[in-house]
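Q: Here you go, one structure.
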Amino acid sequence: MSQQLDLNNIQGDILVGLPKKTATNLFFQITNVEQFRKQLNKLIPLITTAEQALKGRQAIEDHKRNASHGKHLIPMAGVNISFSHFGLAKMGINDKNLIDSAYLNGQRLDAESLGDKGTGTGPTFEPDWLPPFKQEIHGLIIFTGDSHNTVDAKMRNVLEIFGIGTPAQSISEVTRIAGDVRPGQFAGHEHFGFLDGISNPAVTGFDTNPKPGPPPVLPGVMLFGRDGDANAASRDPWMLDGSFLAFRYLFQLVPEFDKFLEDNSVMVPGLSKEEGKELLGARLIGRWKSGAPIDLTPFDDDPKIATNDERNNNFSFAAELTSQKICPFAAHVRKTNPRADLNNNVETHRIMRRGIQFGPEVTKEEQQQEKTLKDRGLIFQCYQSSITNGFRFIQTQWANNPGFPFTEKTPQTPGFDAIIGQGPNRKLSGVNPDDPSQELALPVEWVVPRGGEYFFVPSLKGLKETIALA
Ligand code: N7H
């Protein structure tokens with residue numbers, strides 16, 4: 001099978017990431033199938049391909065190098081579209097060869113297995129999700145851009161194509177969720193304060209010059225029908241170059257998280273209370289707020305490592321496969337990409353993360369009350385060719401599993417991923433480097449899922465030839 005990728009055929013968010021300071025996710029239902037499939041022809045030329053997203057990123061780089069650019073950003077908008085199983089079924093499109101039970105059943109039915117809170121059990125389980133996500137969602141259009149104005153203009157343009165407010169209307173909006181990069185010095189950092197978006201897999205045949213780090217993955221780990229897609233032989237031709245998108249609407253309890261760090265500051269000789277607090281945060285994540293990995297700089301932050309692409313992802317926990325003095329087994333980045341803990345045999349479980357923050361900065365009032373009063377968090381999006389092996393595996397088999405990574409050579413139980421692990425009696429070991437067997441209870445789930453869905457992101461060809469109607 002050829003590994004030659006056609007970047008004009010792949011939607012831009014999957015391999016490249018749509019450049020964004022802001023994004024709006026528009027969830028919709030299809031109300032008039034024939035009309036929608038015809039109107040789709042007009043949307044296709046507006047979809048940002050991987051090739052265009054690369055050009056956009058290059059233009060941004062060139063612009064930044066130009067000393068006279070000031071603070072002004074280049075106006076730029078991106079559009080991608082994807083469909084849930086229910087959307088494809090509504091259009092009468094047979095997607096059984098996407099072969100993924102999580103996708104075919106939808107995320108709502110998966111919520112209990114993911115560990116989301118709710119009432120009832122089995123078929124009667126009702127997740128504590130926001131009402132729009134309990135409705136059937138057929139599709140998602142992602143709009144990204146440099147500013148709200150650019151994104152809103154593109155969105156108006158697209159809504160017009162689908163005849164919103166006219167007799168030709170073919171979709172109805174279920175909900176829209178907007179997010180923004182955090183302001184000023186916090187840009188690129190998620191709401192707990194940690195730099196995000198550092199480690200994503202390099203893809204063979206796409207990343208010609210990958211930065212030092214975990215081994216690249218075959219393109220089929222992200223794209224249907226390509227080398228590395230275990231089910232490539234069973235795919236229908238229109239599925240080639242598509243991907244799955246796992247969407248999660250994750251709220252974060254930031255003042256409560258901060259209070260926990262404060263109350264449980266790691267008491268290591270020579271560290272102040274404040275330094276012990278920073279150390280605890282770093283040991284829960286596996287990186288300092290700057291982004292520097294603790295596997296490389298365990299006891300002091302070193303922002304120079306964080307900004308050095310040759311170093312910031314070049315670690316593997318190999319120095320301590322049976323201990324957790326340097327990095328707790330359950331640290332978020334060790335749980336979600338265990339690297340040498342599994343002999344670097346993690347290719348099929350790697351995901352391409354694209355997310356953005358939502359909600360305001362923590363207010364003075366919230367700081368004083370040490371309590372969340374305003375909604376904020378992460379719009380989590382990740383791409384993979386198997387949800388079962390990708391997002392879902394990481395969440396259920398690793399983050400929620402106190403026994404993982406399997407450390408036969410140490411009696412210590414790793415415990416839960418403090419950030420995203422869900423389940424009863426949350427605790428972890430390894431936060432105290434002087435006594436890694438000591439356990440710390442995690443009384444609050446600081447990341448709260450309030451909705452989500454699984455989508456298929458078709459190729460441009462798949463959209464034109466199978467989903468749109470002539
Ligand atoms: Fe995570 N955080 O701020 O704590 N994540 N994550 N994540 N995450 C990562 O390496 C965070 C979530 C992964 O290759 C970093 O880019 C928060 C889910 C994976 O080394 C930080 C939330 C899932 C990696 C965070 C959240 C994952 C990763 C370090 C929710 C999958 C790469 C920056 C609100 C089920 C691991 C970086 C690697 C890194 C945070 C969610 C997975 C800072 C706050 C739901 C695979």
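The values are calculated or read from the model by the stated rules, or taken from the named source; none is laboratory data. A quick note: this is a predicted structure, and the numbers were derived from the prediction, not measured. Virtual Cβ from ideal backbone geometry, glycine too; neighbours counted across all protein chains shown. Areas reflect the complete protein model, heavy atoms only, side chains present, ligands, DNA and RNA absent. Shrake-Rupley method; radii C 1.70, N 1.55, O 1.52, S 1.80 Å.
Q: Could you check how many residues of region 350-372 are in contact with a helix residue (DSSP H, G or I) (Cβ under 8 Å, 6 or more places away or on another chain) and crowded, with 23+ Cβ neighbours inside 10 Å?
A: Matching residues across region 350-372 total 3.
Q: Restrict the check to region 112-119 and report whether at least one residue is surrounded by 22 or more Cβ atoms within 10 Å (Cβ to Cβ) and modelled with pLDDT of 95 or more.
A: Scanning region 112-119 turns up at least one residue that is surrounded by 22 or more Cβ atoms within 10 Å (Cβ to Cβ) and modelled with pLDDT of 95 or more.
For every residue, the table says whether it meets (1) at pLDDT 95 or above; (2) within 14 Å of the ligand (Cβ to nearest atom); (3) within 24 Å of Arg248 (Cβ to Cβ).
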site: Gly286; (1), (2), (3): yes, yes, yes
site: Gly291; (1), (2), (3): yes, yes, yes
site: Leu296; (1), (2), (3): yes, yes, no
site: Leu321; (1), (2), (3): no, no, no
site: Arg334; (1), (2), (3): yes, yes, yes
site: Pro338; (1), (2), (3): yes, yes, yes
site: Gln367; (1), (2), (3): yes, no, no
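Q: Right, something else. Take Ile387 and tell me if it is within 23 Å of Leu104 (Cβ to Cβ), in a loop (DSSP other than H, G, I, E, B) and open to solvent by less than 40 Å² (accessible area, probe 1.4 Å).
A: Criteria met by Ile387.
Q: List pairs: first residue in region 401-415 and of a type in the set (Gly, Ala, Ser), second residue at pLDDT 95 or above and part of a loop (DSSP other than H, G, I, E, B) anywhere in the structure, Cβ distance under 6 angstrom, at least six positions apart or on different chains.
A: Close Cβ pairs (under 6 Å, with a partner that is at pLDDT 95 or above and part of a loop (DSSP other than H, G, I, E, B)) amount to Gly415/Ala330; Gly415/Pro402.
Q: So, in region 223-243, exactly how many residues are within 16 Å of the ligand (Cβ to nearest atom) and either out of contact with any Phe, Trp or Tyr (no Cβ under 6 Å at 6 or more places or on another chain) or over 14 Å from Met352 (Cβ atoms) (or both)?
A: 0
Q: Here is a further query. Condition test on Leu130, is it among the hydrophobic types (A, V, I, L, M, F, W, C) and in contact (Cβ under 8 Å) with a residue 40 or more places away in the chain?
A: In short, yes.
Q: Tally the residues that are free of Cβ contacts under 8 Å to residues at least 60 places away in the same chain and either among the charged types (D, E, K, R) or open to solvent by 20 Å² or more (accessible area, probe 1.4 Å) (or both), restricting the search to region 337-349.
A: Number of matching residues: 3.
Q: Name the helices (runs of 4 or more DSSP H) wholly within region 1-67 that hold at least 1 residues that are surrounded by fewer than 15 Cβ atoms within 10 Å (Cβ to Cβ)?
A: Of the helices (runs of 4 or more DSSP H) lying wholly inside region 1-67, those with at least 1 residues that are surrounded by fewer than 15 Cβ atoms within 10 Å (Cβ to Cβ) span 33-43, 50-65.
Q: Conditions first: (1) of a type in the set (A, V, I, L, M, F, W, C); (2) surrounded by 23 or more Cβ atoms within 10 Å (Cβ to Cβ); (3) within 10 Å of the ligand (Cβ to nearest atom). Phe380 passes all but one, so which condition is the exception?
A: (2)
Q: Please find, among Gly163, Gly122, Gly188, Gly184, the residue that is within 15 Å of the ligand (Cβ to nearest atom) and out of contact with any helix residue (DSSP H, G or I) (no Cβ under 6 Å at 6 or more places or on another chain).
A: Result: Gly188 is the single residue among Gly163, Gly122, Gly188, Gly184 that is within 15 Å of the ligand (Cβ to nearest atom) and out of contact with any helix residue (DSSP H, G or I) (no Cβ under 6 Å at 6 or more places or on another chain).
Q: Is it fair to say Gly184 is on the phi > 0 side of the Ramachandran plot and more than 20 Å from the chain's Cα centre (by Cα)?
A: Yes; evaluated as a whole, the condition is true for this residue.
Q: Looking at region 393-415, which of its residues are farther than 19 Å from Arg339 by Cβ and either buried (at least 23 other Cβ atoms within 10 Å of the Cβ) or out of contact with any strand residue (DSSP E or B) (no Cβ under 9 Å at 6 or more places or on another chain) (or both)?
A: Correct list: Thr396, Asn400, Pro411.
Q: Looking only at region 191-220, count every residue that is more than 25 Å from Ile419 (Cα to Cα) and either in a strand (DSSP E or B) or away from the ligand (no atom under 16 Å from the Cβ) (or both) and tell me the total.
A: Counting residues in region 191-220 that are more than 25 Å from Ile419 (Cα to Cα) and either in a strand (DSSP E or B) or away from the ligand (no atom under 16 Å from the Cβ) (or both) gives 10.
Q: Right, next: Please specify each residue of region 121-157 satisfying the condition of being at pLDDT 95 or above and among the β-branched types (Val, Ile, Thr).
A: Result: Thr121, Ile137, Ile141, Ile142, Thr144, Thr150, Val151.
Q: Taking the stated definitions as given, is Ile379 assigned to a loop (DSSP other than H, G, I, E, B) and at pLDDT 95 or above?
A: no
Q: Take the conditions open to solvent by less than 40 Å² (accessible area, probe 1.4 Å), among the polar types (S, T, N, Q) and either part of a helix (DSSP H, G or I) or under 20 Å from Glu160 (Cβ atoms) (or both) and apply them to Asn80. Does it pass?
A: yes
Q: Where the second residue is of a type outside the set (A, V, I, L, M) and crowded, with 18+ Cβ neighbours inside 10 Å and the first is farther than 13 Å from Gln11 by Cα and lies in region 34-62, which pairs have Cβ atoms under 7 Å and are six or more apart or on separate chains?
A: So the pair list comes out as Gln35/Ser170; Phe36/Phe162; Phe36/Ser170; Gln39/Phe162; Gln39/Ser170; Gly56/Pro19; Arg57/Pro19; Ile60/Pro19.
Q: When you scan region 205-212, do you find a residue that is touching a Leu at 6+ places or on another chain (Cβ under 8 Å), farther than 18 Å from Gln29 by Cβ and aromatic (Phe, Trp, Tyr), even just one?
A: Within region 205-212, one or more residues are touching a Leu at 6+ places or on another chain (Cβ under 8 Å), farther than 18 Å from Gln29 by Cβ and aromatic (Phe, Trp, Tyr).
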